[in-house]
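Right, I'll just put the structure down here and ask away after.
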Amino acid sequence: MPWTAELWLFNAKTHSKIGTLTFEGVEYYDEMITTSYIAVFNLTDFEESISFTNTDYYCISSNASPFLTPVNPNKANSDVSRKELQGKYGFQDGKVLKISSMIYNDITLTLCSFYGENYSANSVLLESYNQKNTVLNEILQDEYVMWDFIITPLSHRKKPVLIMEMGIPDTDNNWTQIGVFNGSQYILQLPNDLVKVE
């Protein structure tokens with residue numbers, strides 16, 4: 001991000017812009033065992049919500065404003081997608097770790113994490129549109145899974161950029177990655193990866 005660009009703060013539930021962040025500088029943080037550099041931002045135009053409890057936020061660079069499209073995703077029933085995924089991957093209900101579906105623009109995205117043979121960790125991102133199902137990402141027989149996702153108003157190749165919650169089952173090891181559509185599937189970006197939005 002160019003340091004001259006603003007960051008726009010969004011509420012992850014309403015997907016509305018609720019504030020503007022401007023870069024102030026970097027501070028050195030020493031916690032005896034570990035040290036780090038922390039970016040410091042000034043928040044302006046903040047629209048305070050009624051409750052901060054369980055509210056997630058995300059930021060998007062103001063440079064991305066030409067690529068923002070309004071989104072209003074809603075939770076959807078996961079039963080049909082669950083049956084589709086069980087038929088394809090052969091897992092039982094008792095091995096489902098988590099499943100959630102969101103619908104936007106008549107498209108349903110379903111993320112399902114499940115145990116496979118020998119309790120290997122698996123997760124699949126499925127898109128359903130006009131009775132057609134397409135796997136957009138899968139992590140099979142690995143130690144980590146995709147746990148959850150947030151649909152953002154930022155689009156790349158006519159699909160929303162996703163904020164993916166990742167994790168290792170049965171641990172508290174969790175992190176966030178960005179999911180970007182490459183034309184055929186979602187690629188999970190590492191923090192140092194840059195994507196040119198066109």
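Laboratory data are not the source of any read-out in this text; all were calculated from the coordinates shown. None of the values given here were measured: they were computed from a predicted structure. Positions of Cβ are generated from backbone atoms using ideal geometry, with glycine treated the same way; all protein chains shown enter the neighbour counts.
As I understand it, the value is the acute angle between the Cα axis of helix 79-89 and the longest principal axis of the Cα atoms of the chain; what does it come to in degrees, rounded to 10?
Once rounded, the angle reads 70 degrees.
What percent do you get for the relative contact order of the chain when only Cα pairs under 8 Å and 6+ apart count? Each step should come with its number before you reach the end.
Working: 391 pairs, mean separation 25.8, N = 198.
For the chain, the relative contact order is 13 percent.
I'd like the Karplus ³J(HN,Hα) series for region 109-114: coefficients 6.51, -1.76, 1.60, θ = phi - 60°, whole numbers in Hz, and an x wherever there's a Gly or Pro.
9, 10, 10, 10, 10, 8
Under a 10 Å cutoff between Cα atoms, tell me which one of S65, S36, S123 has the largest fluctuation in the Gaussian network model of the chain.
Comparing S65, S36, S123 in the GNM, the peak value goes to S36.
Provide the per-residue ³J(HN,Hα) series for region 160-169, in order, calculated from phi with Karplus coefficients 6.51, -1.76, 1.60 and θ = phi - 60°, each as a whole number of Hz, with x at glycine and proline positions.
x, 6, 10, 9, 9, 8, 10, x, 9, x
Continuing with the same structure: Please give every one of the lysines within straight-line cross-link reach of K95, meaning a C-alpha to C-alpha distance under 29 Å, and leave out same-chain neighbours fewer than 8 residues apart.
K13, K75, K83, K132
Who wins for biggest fluctuation among T35, T134, T44 in a Gaussian network model of the chain, springs between alpha carbons below 10 Å?
With Cα springs under 10 Å in the chain, the top fluctuation among T35, T134, T44 is at T35.
Turning to a different aspect of this structure: Would you please name the GluC sites (Glu not before Pro) within region 99-163 that are DSSP coil residues with at most 16 other C-beta atoms within 10 Å of their C-beta?
On the way: sites: E117, E127, E138, E143; in loops: E143.
When the GluC sites (Glu not before Pro) of region 99-163 are filtered for loop state and at most 16 Cβ neighbours within 10 Å, E143 remain.
Do the sum for the chain: with -39,500 (n - 2.57) for every DSSP H run of n ≥ 4, divided by all residues, what is the mean residue ellipticity at 222 nm, to the nearest 500 deg cm²/dmol?
-1500 deg cm²/dmol
Which whole number in µm²/s is D for region 7-63 by Stokes-Einstein, with the Kirkwood Rh taken over Cα pairs at 4 °C and 1.567 mPa s?
Roughly 100 µm²/s, to the nearest whole number.
Taking amide H atoms as placed 1.01 Å from N in the peptide plane, list the residues 5 or more away in sequence, or in a different chain, whose amide H sits under 5 Å from that of A12.
Sorted by chain and number, the residues that satisfy this are D56, Y57, Y58.
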